[in-house]
Every structure is written in C-alpha cells, then in structure tokens.
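Q: Pasting a structure here, questions to come.
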Amino acid sequence: MTAPLSRRDFLQVAAGAGAVVSMTTPWTPADASPRAIGEPPPGGWFDEPMRWVQLTLVENDPGRFDPAFWLDYFGQLHADAATLSAGGIVAYYPTEVPLHHRSQWLGDSDPFGELVRGCRALGMRVLARTDPHACRDDVHAAHPDWISTAPDGTPRRHWANPSLWITCALGPYNFDFMDAVHREIVTRYRVDGIFANRWAPQGGDCYCVHCRENFRRASGLELPVSSEAGVPGRREFLEWRKARLTELWQHWDATVRAANPEARFVPNGPPDFKTAGDLADIQFADYQARHGVMPPWANGRRAKEYRSVMGPKPVGGIFSVGVEEPYRWKDSVQSEPEVQLWVAEGTANGMRPWVTKFSGVLYDRRWLPVVQRIYQWHFEHERYLRNEAPLARVALVYSEQTAAYHHGVADGDRPEDHVLGMYHALVEARVPFEMVHEARMTPERLAPFRLLILANAAALSSAQCAAIQAFVAGGGNVLATFATSLFDETGSRRKDFGLAELFGVSFTGRIDGPLRNSYLSLDASPGTGRRHEVLDGLEGTPRIINGVYRLDVSPTREFPSPVTLIPSYPDLPMEDVYPRVPHTTTRELYLREVGGSRVAYVPWDISRTFWDVLAPDHGRLLANLVRWTANEPAPVEVDGPGVVDVAIWRQRRSIAVHLVNLTNPMMFKGPLREVLPIGPLRVRVRMPGGLEPRTVRLLTTGAAVPVQQAGNVLSITVPSVGVHEVIAIDI
Ligand SMILES: [Zn+2]
C-alpha cells in the first residue's frame with residue numbers, strides 16, 4: 001500500500017514487496033531524459049536481461065547431471081539469460097570441427113543443445129561459453145606451433161593439469177581453430193553470443209614462432225626477455241598484446257555476427273577498459289568473491305570502473321558462491337551474508353547479477369536458496385534497478401594509464417594504494433560517486449559532475465590535462481593529490497605537472513620520503529584568526545600526522561595557508577623526540593578559487609597514507625576537502641551509525657537511493673559470519689530539478705517509513721538496514 005506524497009506533508013508510507021504504485025500522470029520522455037552520459041542507449045537484446053546465470057559443465061557431467069534440475073532452478077531465479085558450456089577444451093555438443101575434443105562421456109548426447117532448448121523455452125537469452133586456453137596431445141602433435149612457448153622455446157604444459165598444453169592465445173589456435181568452433185556453435189544453435197573464458201595469454205608471455213614474428217613485424221623489436229616493468233620493449237609489447245587481443249575480439253565478433261547478426265562475441269575480460277567501451281555492447285566483470293584483505297566495496301568499485309567506459313550499456317557482475325582463492329576450492333560454499341553483501345555492492349553500483357556455478361553435479365547445495373532469495377528480491381524490484389543514469393555529482397578519475405605505466409615515485413609508493421584510500425574515504429564519508437575513465441573525459445561525460453577527484457592520477461596526456469582544465473573553466477571543481485599529471489600517458493616524467501597552472505604550484509624536482517614522525521600544523525588564517533572549514537572537526541588539536549611521501553612544490557601565486565609542514569624529528573631514543581622545527585611556512589595544502597570553481601591540490605600522499613594506516617584525521621580531512629571543493633549540498637546525506645556505501649540512481653519513473661551496510665568486523669576480510677543491522681539512518685534526498693516525488697517505499701524492509709518534505713529535500717528515516725536497503729521514490 002502506498003500513499004501519494006505532497007509538499008510539506010508528513011506521511012506514513014507503507015512499503016512492501018509487491019506493492020503496486022499508481023501513477024496519476026503518465027510519464028513522458030521529455031521529463032525523463034537523463035542519458036546524460038553522452039552515449040546513446042544500445043540497440044539489440046543486450047539491455048534486456050537483468051539476471052544472469054552461468055553453468056560451466058565438467059567433462060564427466062554428460063549423462064550424470066540433470067538438465068531438468070538446472071532449468072527448473074533457472075526458472076525459480078527468474079533468470080533471463082544464461083551462459084552455458086559449449087566448447088573449447090571440451091565440446092559438450094557433437095562437434096564436427098577436427099581436433100575439437102568431444103567430452104569422453106558425450107556418447108550420442110547433446111547436453112549443450114538440451115540446455116539451450118530449455119532456456120529458450122523459459123524465454124532466456126543464451127551465451128555459449130568456450131574456453132580456448134588449453135588443449136590435448138593430439139592438438140600439440142598436429143600443430144606444435146599452436147602451443148604457448150616459454151622464452152627458452154619449451155612448449156608449456158598446463159600448470160594445474162599437466163596432461164594438457166597451454167595454447168598460444170595470439171596465434172592460429174585462436175584465430176583459426178577457435179574461430180571455426182565459434183562459427184559452428186553460433187550457426188548450429190543460433191545463440192545470442194559467444195563468451196570466451198581465459199581467452200588472453202595464460203601461464204606467461206608466449207615466445208612461439210608466431211608471436212615472435214608478429215611482434216617483430218608490428219614493432220621492429222624482438223620480444224622482451226622478461227615481463228618486468230621497465231625492461232626494454234616491455235611497453236611496446238604490452239601495447240602490441242593489447243592490439244592483438246583487440247584484433248582477435250573483432251575477428252571472432254565478425255564470425256559470430258556473420259552466423260547470427262544479433263549475436264556478439266563477449267570476452268571474459270577486455271584487453272583494457274577503454275577497448276571495452278569502444279567495442280562492447282555488453283560486458284561482464286569477472287570478480288567473483290573476496291579473498292585476502294579486501295573490502296566488500298571492491299565489487300562496487302569494479303562496477304564503477306566498467307561503467308566508466310560502458311556508460312549506460314549493460315554490465316553484469318559475475319559472482320561465485322564459494323571461497324576459492326588462493327587454493328581454489330571450487331566446490332566450496334560461502335556464508336549467506338558474504339554472498340549477499342558482495343552482490344549488493346554490485347547491484348547498488350549498477351551491475352546486474354550473474355551467478356556462476358561450475359559442475360552440473362552438486363555436492364554442497366547450501367547456496368541454492370541463498371541465490372534464490374537474492375534473485376527473488378531483484379526480480380520483485382526490477383523496475384527500481386533498471387537504471388537510466390547515476391545522480392552522483394562527484395567523480396573519481398579512473399586512470400588506466402597510471403595503473404599500467406606508472407610505478408610510483410619511490411619504493412613503497414604503490415599508485416593503486418592512492419586510489420584505494422580515496423575510494424575508502426569517499427565510502428566512509430557516504431559520498432555517492434562515479435568513476436570517469438581518463439579516455440572519456442569529454443564535456444558531455446563530465447557535464448553531470450560538480451567535482452572531479454584525481455587521486456594520484458599520475459599518468460595523464462596533455463589532451464587529458466586540457467580536458468580537466470576545460471572542466472574547471474566551465475565551472476567544475478577539482479580535488480587532486482600527489483603526482484597527479486606529473487607523468488605523461490606513457491609514464492614518462494614531465495619537468496612539471498601537466499596541471500601546474502591549475503594547481504597554482506610547480507614541482508621543484510624533490511621527492512621526500514618515506515617520512516617518519518612528521519606532522520602537519522593546522523593554522524588559523526592570519527586575517528580572521530579562524531581555521532579554514534576544511535579543518536572542521538579537528539578543533540581539538542594544533543596538528544595531525546603527516547603522510548609518508550611528499551612532493552616538494554613551490555606556489556606560483558598567493559595561497560591561504562591552512563596546513564603547513566612540521567618536518568620529521570627523531571622518533572628514538574625517547575629523550576630525543578621533540579620537534580626541532582616546530583613551525584614552517586611550507587604549505588601542505590593548496591586551495592584556490594578560480595572564477596566560480598574550486599581547486600584543491602594536496603602535495604603529499606594523503607590517500608595512500610590513509611589506505612596504509614586509516615588515520616581518522618586523514619579521513620576527516622579528505623571528507624572536508626570533498627565537501628569544500630564540491631561546493632554544493634550532496635544529493636544524498638545519511639546520518640546514523642555505521643559504514644554505509646551510498647548510491648543514487650535515476651530510473652525512467654523513479655529515483656532509487658541504495659544503502660549498503662558494510663558495518664561488520666569482517667568488513668576488510670571475509671567471509672562475514674552474520675549480518676549486523678544498523679539504524680535508524682536519517683536520509684535526506686535532494687530531488688533533482690523539477691522532479692516531484694509521488695510515493696516513497698523501502699524495498700527490503702517492507703515497513704512504514706515517515707517521510708517529510710521541505711522544498712526539494714525529502715527526509716526519510718530508515719529504521720534499520722541489514723545488508724541492503726533501497727529507498728525507492730516514484731516520480
Ligand atoms: Zn604465441
């Protein structure tokens with residue numbers, strides 16, 4: 001049961017599964033627009049499926065597993081697309097392609113065909129899964145040049161199953177043999193596409209005759225002798241490998257489309273994200289579960305990375321139900337809260353769930369009802385999950401070049417840690433945010449955002465720097481840290497920052513660190529005697545800890561000086577631990593107002609150190625810097641206890657605010673043992689211009705929620721969040 005909302009009314013809004021929302025005025029395309037991402041919606045079938053399943057058969061499944069059981073389960077999940085094992089290492093259908101190994105248990109059966117027919121009867125789309133990365137002795141004997149080769153010329157045995165050989169991914173095995181396999185599958189079964197697992201080089205770089213010759217022809221160079229960063233020819237090799245994989249993608253895709261124009265080749269993992277954005281109609285993030293020390297928001301981050309190039313095109317999140325790494329217990333089953341949280345992070349951040357299970361014969365069946373519950377929720381609330389555009393106003397730049405070609409400014413400076421720290425600070429600050437890929441910083445793509453964050457985005461081209469400057473010239477704001485723009489797109493160091501003019505500082509050429517026992521003095525402005533607002537919440541102290549690395553910079557204009565350096569002093573013996581220089585004029589934070597825009601530059605490794613030691617003062621300073629540079633109220637604010645990942649999305653006729661509860665003693669290292677609910681959370685949602693809320697519902701709780709409206713701000717109290725709650729606002 002729902003009730004209409006009107007301004008300044010205080011309402012008890014009942015929310016519940018299956019509640020029907022009545023629309024009093026019809027939706028019109030003119031008021032729903034927001035494919036603001038600057039890309040057209042995709043045609044074809046790709047945007048249809050919301051829930052995916054994958055069944056990967058093992059060789060002895062034929063005759064032993066029960067296809068009817070799986071088809072029945074797919075129906076229970078309301079799955080609308082499946083990926084099913086077809087061929088490659090093992091063919092699960094009566095293939096006619098020479099050397100394509102039929103399952104020894106196949107007999108005269110066709111389990112792939114049977115599953116395809118069953119899925120079609122359920123109205124599902126079907127991708128055929130192939131895996132080209134290994135082959136048998138007969139293939140090796142017939143075509144020794146198809147096998148991946150070590151630098152010394154030795155053909156590679158498979159690391160996990162030495163009775164197999166690893167195939168060369170970039171030579172005729174894939175370009176010819178697997179091409180024939182793909183043609184046969186799509187022609188015979190008219191599937192919607194081919195999904196190839198492990199299609200990129202496996203087990204190390206290949207030095208086969210084809211790879212040597214092709215690389216020489218493309219680059220004029222010999223293959224580099226090792227895979228270490230910085231080895232001569234290494235960058236050229238990485239570029240060539242990427243180009244060769246892109247060529248393979250296009251080659252297979254042309255074959256697939258020739259057999260069925262509606263179908264596509266879908267790689268499991270693109271050569272790089274930029275290429276995925278260029279070529280793909282649909283992508284899947286194969287990021288199945290947590291292992292080691294890993295926050296649950298990692299899955300949400302992967303979603304944002306894919307969407308940073310895919311825009312509104314669909315992205316699926318592949319998740320497994322077991323804990324596999326590092327010892328690959330493929331038959332294991334995770335705890336329900338762990339699976340729930342991982343999938344919730346993907347869903348909240350715009351991915352569609354894809355459960356993957358291998359082996360048609362099951363041992364531990366505990367995951368079946370878990371996934372059924374997740375998919376049932378997803379099915380019931382699909383209309384609030386079919387997103388049109390995110391409404392976040394903050395974007396973190398995803399620099400793939402930095403990850404690939406920048407190796408830090410010093411030992412111990414891992415570029416990835418700067419991003420992880422910034423990501424975590426944004427989550428802790430409950431800031432809804434997107435990621436923007438460095439290759440896609442067009443005015444259209446940047447238009448929805450108020451603030452661009454560059455967390456040590458070190459490797460940026462001149463054109464990318466110009467795009468950032470244009471964003472600021474157009475009224476946008478920037479928060480940048482550390483070595484941002486100090487390197488070009490190939491990872492070569494510039495003399496000065498590419499964004500020196502924007503930051504208002506120049507690099508002196510000196511890098512300090514690792515610093516021990518250094519501090520930051522929190523200074524009052526000389527004019528007012530008060531501290532700058534970026535220091536709010538730090539009133540109790542004259543100083544906080546410094547980072548570990550700093551770039552020495554000199555300002556090229558006048559700056560206020562809210563934070564200055566207190567240099568390192570001995571941390572032992574204890575008798576010696578006192579500051580030798582208690583105060584300096586060396587600024588450690590540069591805040592500018594340029595026209596209507598704000599620019600903050602931090603010359604030290606604030607987010608790297610935050611990831612390293614998670615000091616609350618650094619988290620507070622980062623949150624304050626985001627708030628100051630954004631210079632507008634956030635679209636969603638959440639008060640209350642806990643660590644909550646917040647996302648806000650627009651659908652055709654609604655707005656959905658996702659709250660994912662990350663609060664758990666196992667937040668950084670799964671698996672979760674139990675769900676620890678948090679609440680009440682007081683949530684304020686700013687309705688985007690001109691949009692009027694009609695009804696508000698909580699999708700998970702299904703309880704009445706009080707809602708108050710003042711101006712364009714809705715105030716909603718969410719009594720409790722287990723793993724995932726969605727505030728659904730019909731407009
Ligand atoms: Zn090769």
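Read-outs throughout are calculated quantities, based only on the coordinates presented, and are distinct from any laboratory measurement. Note that the structure is a prediction, hence the values are computed from the model and not measured. Here the Cβ is made from the backbone with ideal geometry for all residues, glycine too, and neighbour counts use every protein chain on show.
Q: Please list the non-local residues whose amide H lies under 5 Å from the amide H of Glu588, H modeled 1.01 Å from N, same-chain partners needing a gap of 5 or more.
A: Long-range HN contacts for Glu588: Val563, Thr564, Leu565.
Q: Give the Debye-formula value of log10 I(q)/I(0) at each listed q (0.09, 0.14, 0.21 Å⁻¹), with one equal scatterer per alpha carbon of the stretch 105-259, two decimals each.
A: -0.35, -0.77, -1.34
Q: Using only the alpha carbon atoms of the stretch 203-298, find the Kirkwood hydrodynamic radius as the inverse mean reciprocal pair distance, in angstroms to one decimal.
A: 15.8 Å
Q: Still on this structure, I have one more. Arrange Trp297, Trp329 by Cβ neighbour counts within 10 Å, fewest through most, would you?
A: So the residues, fewest neighbours to most, are Trp329, Trp297.
Q: Shifting gears a bit: In terms of Cα to Cα distance under 28 Å, which lysines are near enough to Lys669, apart from those fewer than 8 places away along the same chain?
A: By straight Cα distance, Lys669 reaches Lys304, Lys330, Lys357.
Q: Roughly how many nanometres apart are two label points built 7 Å out from the Cα toward the Cβ at Ser715 and Leu362?
A: For Ser715 paired with Leu362, the spin-label model returns 4.8 nm.
Q: Same structure again: Need the list of lysines near Lys495 for cross-linking: C-alpha distance under 24 angstrom, and skip anything on the same chain fewer than eight residues off.
A: Cross-link targets: none qualify.
Q: Rg over Rh of the stretch 435-571, using C-alpha atoms and the Kirkwood radius, what does it come to?
A: 1.00
Q: State, to one decimal in nm, how far the label point of Asp176 lies from the label point of Thr490, with both points 7 Å from Cα in the Cβ direction.
A: 3.5 nm
Q: Charges at C-beta only: +1 for Lys and Arg, -1 for Asp and Glu. How large is the resulting dipole of the stretch 616-731 about its Cα centre, in Debye rounded to 20?
A: 200 debye
Q: When the chain is fully extended, how far beyond the present Cα-Cα distance does Asp639 get from Asp145, taking 0.36 nm per residue of separation?
A: 171.6 nm
Q: Further, regarding this structure: What base-10 log of the normalised intensity I(q)/I(0) is obtained for the stretch 469-521 from the Debye formula, alpha carbons as equal point scatterers, at q = 0.13, 0.19 Å⁻¹?
A: Log-scaled intensity ratios, in q order: -0.43, -0.81.
Q: Further question on the same structure: Dividing the alpha-carbon radius of gyration of the stretch 591-731 by 2.2 N^0.38 Å (N being the number of residues), what value is obtained?
A: Normalised Rg, Cα atoms only: 1.22.
Q: With just the Cα atoms defining each centre, how far is the stretch 426-504 from the stretch 344-413? Give it in Å.
A: Taking the Cα centre of each part, the stretch 426-504 and the stretch 344-413 sit 25 Å apart.
Q: Taking N as the number of residues in the stretch 146-187, what is its alpha-carbon radius of gyration divided by 2.2 N^0.38 Å?
A: Expressed relative to 2.2 N^0.38 Å, the Cα Rg reads 1.36.
Q: Would you mind working out the magnitude of the charge dipole of the chain relative to its Cα centre, with +1 at each Lys and Arg C-beta and -1 at each Asp and Glu C-beta, to the nearest 20 Debye?
A: With only Lys, Arg, Asp and Glu charged at Cβ, the dipole is about 1200 debye.
Q: Just to confirm my numbers, what's the Cα centroid distance between the stretch 75-129 and the stretch 603-650 in Å?
A: 47 Å
Q: Another question about this same structure. To the nearest µm²/s, what D does Stokes-Einstein give for the chain at 20 °C and 1.002 mPa s, using the Kirkwood radius over alpha carbon pairs as Rh?
A: 77 µm²/s
Q: Could you check the spin-label model distance between Glu48 and Met574? Points 7 Å from the Cα along Cα→Cβ, value in nm.
A: 7.3 nm
Q: While we're looking at this one, here's another question. Give me the mean projected area, in nm² to one decimal, of the convex hull enclosing the Cα positions of the stretch 378-508.
A: 9.4 nm²
Q: Mind checking which of Ile678, Ser109, Gln54 is farthest towards the positive end of the chain's charge dipole, using Cβ charges of +1 (Lys, Arg) and -1 (Asp, Glu) about the Cα centre?
A: The listed residue farthest towards the positive side: Ile678.
Q: A follow-up question, please. Give me the dipole magnitude in Debye, nearest 20, for the stretch 265-350 about the Cα centre, with unit charges on the beta carbon: positive for Lys and Arg, negative for Asp and Glu.
A: Dipole of the stretch 265-350, to the nearest 20 debye: 220 debye.
Q: Continuing with this model, one more query. Which residues among the stretch 223-243 fall inside the zone where the amide N is under 17 Å from a point 7 Å beyond the Cα of Asp278, along Cα→Cβ?
A: Answer for this model: 236-243.
Q: Taking N as the number of residues in the stretch 250-401, what value does Rg over Cα atoms divided by 2.2 N^0.38 Å take?
A: 1.12
Q: Kindly provide the Kirkwood hydrodynamic radius of the stretch 355-406 in Å, to one decimal, from all pairs of distinct alpha carbon atoms.
A: Kirkwood hydrodynamic radius for the stretch 355-406: 15.6 Å.
Q: Which of Phe503, Cys206, Tyr398 sits farthest toward the positive end of the charge dipole of the chain, with +1 on the Cβ of Lys and Arg and -1 on the Cβ of Asp and Glu?
A: Most positive-ward Cα: Phe503.
Q: As a footprinting exposure proxy, order Lys304, Lys495, Lys313, Lys669 by other Cβ within 10 Å, with the fewest listed first.
A: The order, fewest Cβ neighbours first, is Lys495, Lys669, Lys313, Lys304.
Q: How much length would be gained if the chain were fully extended between Phe69 and Arg414, taking 0.36 nm per residue of separation minus their Cα-Cα distance, in nm to one decimal?
A: Extra length from Phe69 to Arg414 when fully extended: 119.4 nm.
Q: What share of the DSSP beta bridges in the chain is antiparallel, in percent to the nearest 5?
A: Antiparallel bridges make up about 55 percent of those DSSP assigns within the chain.
Q: What three numbers, in Å, describe the spread of the alpha carbons of the stretch 539-623 along their principal axes, ordered from the longest?
A: Rounded to whole Å, the extents work out to 50, 26, 26 Å.
Q: Using alpha-carbon positions, what is the distance between the centroids of the stretch 521-577 and the stretch 669-731, in Å?
A: 39 Å
Q: Next up: What residues from the stretch 302-320 fall in the zone where the backbone N is under 18 Å from a label point 7 Å along the Cα-to-C-beta line of Arg386?
A: 312-316
Q: Additional query: Take the stretch 77-194, compute every pairwise Cα distance, and split them into 5 Å bins from 0; I just need the percent in each bin.
A: 2, 11, 21, 21, 16, 13, 8, 5, 2, 1, 0
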